[in-house]
Each structure stands twice: as structure tokens, then as C-alpha cells.
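Take a look at the structure set out below.
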Amino acid sequence: MTASGDTWSWPDATTAARDLAAHLEDAARALRDGRAEVRRSATGTASDGHRQLEVDLTWREDAS
């Protein structure tokens, strides 16, 4: 979040990857704990071998 009046910008790639990894870890923990709901998901492999995951997932924060 930004302070009022500050301009928001996309984070650099390293920060974005770290932030995404943290969110994915939180989501995985929530899935294991039964605090998450997967609304839809799809996986696939592109012709160049790259894997892709598309998911619509909501979760509640851990209360601990």
C-alpha cells in the first residue's frame, strides 16, 4: 500500500517474485488447513515445455 498522495508502481522482478512466493506459501498453508476455496483451476504445458497454472483461489488468514 502507498501513503496518501504517493504514486504506486510495479515492484522490481526480485521483489515481485518474493511477494508472490509468500502469497503462494500462505495459500498452500490455507489449503492444507481447510481455510481456502478453489473456485476453478487449470494446468497445462506449452509446446516449449513451460508449465502454466491458472487458479481462482480465496483464503482466510491464519488466526494463529
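Quick notes
- Residue within region 9-19 that is modelled with pLDDT under 90 and not aromatic (Phe, Trp, Tyr) present: yes
- Residues of region 41-53 that are at pLDDT 90 or above and either closer than 20 Å to Ala22 by Cβ or among the aliphatic types (A, V, I, L, M) (or both): Ala42 alone.
- Region 8-26, residues that are of a type in the set (A, V, I, L, M, F, W, C) and open to solvent by 90 Å² or more (accessible area, probe 1.4 Å): Trp8, Trp10, Leu20, Leu24
- Of all residues in region 1-50, those being touching a helix residue (DSSP H, G or I) at 6+ places or on another chain (Cβ under 7 Å) and under 24 Å from Asp62 (Cα atoms) number 1.
- Within region 9-31, tally of residues that are within 11 Å of the chain's Cα centre (by Cα) and assigned to a loop (DSSP other than H, G, I, E, B): 0
The values are calculated or read from the model by the stated rules, or taken from the named source; none is laboratory data. For clarity, every value in this text was computed on a predicted model and none was experimentally measured. All Cβ positions, even for glycine, are placed from backbone atoms using ideal geometry, and neighbour counts span all protein chains on display. Remember, those area values only see protein heavy atoms, side chains included, never the ligands or the DNA or RNA. Shrake-Rupley method; radii C 1.70, N 1.55, O 1.52, S 1.80 Å.
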